[in-house]
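Trainee: This is the structure I have questions about; it appears just below.
The values are calculated or read from the model by the stated rules, or taken from the named source; none is laboratory data. Values in this document were obtained by computation on a predicted structure and should not be read as measured data. Counting neighbours? That spans all protein chains shown, and the Cβs are built from the backbone with ideal geometry, glycine included.
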Amino acid sequence: MVKKEQHNFISPAKKDELGVLINDKANELFAALKELDVNNLEIGAHFKEYFVQHHLGNRLFFSLQNSAGIIYQSVKRTGRQPADINFTDYGAGLGTLYMLAGMLPFKKVVYNDYLPEWKQTAAAICSSLQISISAYITGDIDAVLAFAEQENFKYDIIASRNVLEHIYSPAAFFKQVYRHHSDAVVFSTTTANYQNPVARLQHYLIHTRIEKQQYLPVRTKQVQELWPEISREQLNELAAITRGRAGKDFTEAVQQFKNGESVLPVPFLRSNTCLADSGYWCEHLLTKNEYKNIIEQAGFKMEYSAGYWDTHYRSGLKNSFMKLLNGIVKILGEKGYVFSPFVNIVAYNG
């Protein structure tokens, strides 16, 4: 890869040896991705479109800026050198986090996503860019932890961008990680920022629309399949109270209702909804204190901080407005998350 124009993906305040290394590699990746001809990749049209829309083009700088920041902060939190760190990008999709990590001298870099198609596409992109990834793992946290046990190593960093909110049970997730990798730094960013009232309203509106148009009709049909004799009134009630449940939780709730038993409310439900068969695309809106309780009950400590707005759009006016918002976030200090578009949630031990 040929280095071209230098950009600041890491703020000047973080230009220590690690910061310089990450920034240099981010610049290399930035140049390589700008020159990448997606049409030459042997991947499906849907994945090409997603990759271009969310991580290339106008979003490329912001994507790399986020990835560089996550890597820098999580490595610093471990207090170790990259060569001694096993890193995994959990729920990676086609983001730039695993790519940038693969260009750094980590001991291991493990890619993970729930669906095999994403894994195959990610591998094709890395192959084209000549980026070496130690392993590509399909599945949820069970599969990621099982791979480490099989290969006899511990994760030092479990990082993710916009994945934490989609985990079906955050409490179970952090408990599992702590049970097997208690010394790991779990660094997550999420745009499901409950503390920002505008972001909260936006998510409420999106969830309400998706629930009405997509998930409720599917869930209603699934309830009927499990209980064909159900009355229309019971069907409407049961379809409503099973919102946010999936898999065994969903089928058990149907059976409990059928037996005349009480169906317990879904924890942290709010506007959350999901596919009842898999729990896929749930999107929790948890408060800072709720995340704190979940993480501390698992055994970790928590750090919660504001993210920042993208200032690399084509529109100069839009960039100026985003810089203004970033200024407000900075002025508010620890409470900056009430204006930030995303938050950083870090679970650590010690």
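Trainee: Do any residues in segment 323-350 that are among the small types (Gly, Ala, Ser) have Cβ atoms under 6 Å from those of residues that are in a strand (DSSP E or B), where the two are at least six apart or on different chains, and which pairs are they?
Mentor: 336/306; 340/306; 347/186; 347/302
Trainee: Same structure again: Being among the basic types (Lys, Arg), at pLDDT 95 or above, out of contact with any Cys (no Cβ under 8 Å at 6 or more places or on another chain) and surrounded by fewer than 21 Cβ atoms within 10 Å (Cβ to Cβ) narrows it down to one of 161, 179, so name that one.
Mentor: When all the criteria are applied, what remains is 179.
Trainee: Kindly evaluate residue 198 against the criterion of being aliphatic (A, V, I, L, M), surrounded by 22 or more Cβ atoms within 10 Å (Cβ to Cβ) and either modelled with pLDDT of 95 or more or in a helix (DSSP H, G or I) (or both).
Mentor: no
Trainee: Every residue in segment 253-285 that is more than 21 Å from residue 173 (Cα to Cα), surrounded by 13 or more Cβ atoms within 10 Å (Cβ to Cβ) and among the charged types (D, E, K, R), please.
Mentor: Listed by number, the list holds a single entry, 258.
Trainee: For segment 55-71, state whether one or more residues are assigned to a helix (DSSP H, G or I), out of contact with any Cys (no Cβ under 7 Å at 6 or more places or on another chain) and on the phi > 0 side of the Ramachandran plot.
Mentor: Yes, because at least one residue in segment 55-71 is assigned to a helix (DSSP H, G or I), out of contact with any Cys (no Cβ under 7 Å at 6 or more places or on another chain) and on the phi > 0 side of the Ramachandran plot.
Trainee: Here's another thing I want to ask about it. Taking only pairs six or more apart or across chains, which ones have beta-carbon atoms under 8 Å, a first residue in segment 164-185 that is within 17 Å of residue 289 (Cα to Cα), and a second residue that is among the aromatic types (Phe, Trp, Tyr) and part of a helix (DSSP H, G or I)?
Mentor: Close Cβ pairs (under 8 Å, with a partner that is among the aromatic types (Phe, Trp, Tyr) and part of a helix (DSSP H, G or I)) amount to 170/291.
Trainee: Can you name the helices (runs of 4 or more DSSP H) wholly within segment 226-336 that have at least 2 residues being of a type in the set (Gly, Ala, Ser)?
Mentor: 232-241, 247-258, 316-332
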